[in-house]
Amino acid sequence: MGKAIALVTGASRGIGRGIALCLAEHGYDIAAVATSADPNNPEKGLYEVKARVEERGQRCLPIAGDISQRADHAKIIQAALDEYGSVDVLVNNAGVAPKQRLDILETTEESYDRVLGINLRGPFFLTQAVANQMIKQAQAGVRFRPVIVFITSISADTASPNRAEYCISKAGLSMVAQNFAVRLAPHGINVYEIRPGIIATDMTAAVKEKYDKLIAEGLLLQNRWGTPEDVGKAVAALAKGYLDYATGAVIEVGGGFGVKRL
Ligand code: NAP
């Protein structure tokens, strides 16, 4: 098997950055996608991540692209292929919260379409394109361990009616993962879903106090915020094949959020 390549969306910050760095620690070269890539800004964004990946001894290609735009998918994949020649691991991590938390009785079409476009439609079609590329590589006799990971959320099965469109996008993405797991199994491509819990990133910064309080009151079994590295380590375990016989698995990385208690 040659050097493995991981395509990680939303790798400029937060969970995606944590995933890219963990995969780099485990020997992966990275194709890192975000909405913008500015080589003049080594302090922040994809070029900061590139420097951290290189410190870990691997290569990193920053790619600017909007995953909600199908036209960008071909460009993203082609950029990765031009640089590395293959895509071995896809991590569908990029995602957004609603710009404003609005009660389900007030949700706007604009927010619904934006969130569903980025969180659900985008990764569906990007995965379709990458899966076809992986099948092509397998048929060409390339030896690799193909893995696709979807980063959904505990919101996939936890209702929050002040951001219903987010929960709906993640519930839908969970079913996307199941469908690709079924369809790609005969090709030896394993597909997994990771459901992060409450992770400290820009996305949760606006609701920090609310979650600080809930965690202090015992919401989780493990009494702390999650970190991007917590999610990154789970992705690395999947990519490295430690859950090889578990395609389709749904893995919660949420400090025990989902355990029912009485
Ligand atoms: P974040 O800090 O807000 O980072 C989001 C990332 O996604 C950024 O890299 C951003 O790129 C990228 N992105 C957003 N829209 C994109 C688009 N249209 N095309 C390409 N890239 C795009 O969020 P995060 O907390 O790390 O969340 C990452 C994923 O985990 C999301 O899918 C989120 O729903 C999920 N999640 C998060 C939590 C949590 O507690 N934080 C919990 C469960 C699940 P730019 O820098 O270019 O904007």
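Being assigned to a loop (DSSP other than H, G, I, E, B), more than 9 Å from the ligand (Cβ to nearest atom) and surrounded by 18 or more Cβ atoms within 10 Å (Cβ to Cβ) is the filter here; which residues of region 2-25 pass it? Across region 2-25, the qualifying residue is only 4. Scanning region 129-154 for residues that are surrounded by fewer than 21 Cβ atoms within 10 Å (Cβ to Cβ), small (Gly, Ala, Ser) and within 20 Å of the chain's Cα centre (by Cα) gives 129, 131.
Does residue 162 qualify as being more than 11 Å from the ligand (Cβ to nearest atom) and either among the hydroxyl-bearing types (Ser, Thr, Tyr) or under 20 Å from residue 96 (Cβ atoms) (or both)? When the stated conditions are applied, residue 162 passes them.
Condition check for residue 35 on (1) open to solvent by 30 Å² or more (accessible area, probe 1.4 Å); (2) within 21 Å of residue 196 (Cβ to Cβ); (3) more than 12 Å from the ligand (Cβ to nearest atom): one failure, at (3).
The values are calculated or read from the model by the stated rules, or taken from the named source; none is laboratory data. Everything quoted here is computed from the prediction, not taken from an experiment. Every residue, glycine among them, receives a Cβ derived from its backbone with ideal geometry; neighbour counts consider all protein chains shown. Heads up: the accessible areas ignore ligands, DNA and RNA and are worked out on the full protein's heavy atoms, side chains in. Shrake-Rupley method; radii C 1.70, N 1.55, O 1.52, S 1.80 Å.
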